[in-house]
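**Q** Got a structure for you, questions after.
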Amino acid sequence: MKRVLSVIVIAFIGLAAATSASAQFKFGLKAGVAVNNLKFSEDIIKADNRAGFTGGAMVEFTAPILGLGLDASVMYVHRTADSYLSGTNSETSEYNEIGKKRDYIDIPLNLKWKINIPAVGKIVKPYIATGPAFAFLVSKQDASEFFKNKKCDISWNFGVGLELFSHLQVGASYGLGLTKALETVKVVDDMPTIDGKNKYWTITAAYLF
């Protein structure tokens, strides 16, 4: 998996270098809401969706006419999730602190295609985007007595959005966790080793200069 992601990142950098001479370059600020869920490897632990927030800066390269380009962001992400034993109440379970608050510096790299619609292209352009995201943990590593957060979390994003008046971008994306976000460090009685992966929706607005 790491080799595949390394090849993808190198390909993104190569594409950016190849198109940088003719590409339109923009940078700006981005903020939004991140709705996170933890998917555990065992059904004995469940998780509820919880909303966090994200904010940071982004850059974008777009090839003229084709509308194909790249964007990269450096984002601060605050994720929350309530986890609990299956069959118990999430508000009273002793496990609801697992991964409850986690802060990351997230670096998503996206291949983006802006769809130019004749007559309205200068006003609104829909776009689709996809690519990897590398999130580095900046909050505490211990999630609970028996779980530990991983220092790096890698996901793959799928997004759609609209660009308005060539400056404002409003988008939504789904992040599919590829690596473990947390895992057990000690097994309780006969409980199997358990790990959790992030799955999240992110809704953002960005203003580009």
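**Q** Can you work out which of the residues in the range 132-180 that are part of a strand (DSSP E or B) and β-branched (Val, Ile, Thr) is surrounded by the most Cβ atoms within 10 Å (Cβ to Cβ)?
**A** Ile154
**Q** Only one of (1) open to solvent by 70 Å² or more (accessible area, probe 1.4 Å); (2) at pLDDT below 70; (3) not acidic (Asp, Glu) is not met by Ala16, so which one is it?
**A** It is condition (1) that Ala16 fails.
**Q** What about Ala129, is it modelled with pLDDT of 95 or more and surrounded by 16 or more Cβ atoms within 10 Å (Cβ to Cβ)?
**A** yes
**Q** Considering only the range 110-120, state which residues are assigned to a strand (DSSP E or B) and either surrounded by 20 or more Cβ atoms within 10 Å (Cβ to Cβ) or without any contact (Cβ under 8 Å) to a residue 24 or more places away in the chain (or both).
**A** Asn110, Lys112, Lys114
**Q** Follow-up question, since we're still on this one. Check Ile123, Ile203 and return the single one that is surrounded by fewer than 14 Cβ atoms within 10 Å (Cβ to Cβ) and either at pLDDT 85 or above or in contact with a helix residue (DSSP H, G or I) (Cβ under 6 Å, 6 or more places away or on another chain) (or both).
**A** Testing whether each residue is surrounded by fewer than 14 Cβ atoms within 10 Å (Cβ to Cβ) and either at pLDDT 85 or above or in contact with a helix residue (DSSP H, G or I) (Cβ under 6 Å, 6 or more places away or on another chain) (or both) leaves just Ile123.
**Q** Also, quick follow-up: State all residues of the range 98-109 that are assigned to a loop (DSSP other than H, G, I, E, B) and either open to solvent by 60 Å² or more (accessible area, probe 1.4 Å) or at negative phi (or both); if no residue qualifies, say none.
**A** Within the range 98-109, Ile98, Lys100 qualify.
**Q** Can you tell me how many residues within the range 27-60 are of a type in the set (A, V, I, L, M, F, W, C), at pLDDT 85 or above and buried (at least 20 other Cβ atoms within 10 Å of the Cβ)?
**A** 2
The values are calculated or read from the model by the stated rules, or taken from the named source; none is laboratory data. Since this is a predicted model, take the numbers as computed values, not measurements. No Cβ is skipped: glycine too gets one built from the backbone with ideal geometry, and neighbour counts run over all protein chains shown. To get the accessible areas, we keep the full protein, side chains included, count just its heavy atoms, and leave off ligands, DNA and RNA. Shrake-Rupley method; radii C 1.70, N 1.55, O 1.52, S 1.80 Å.
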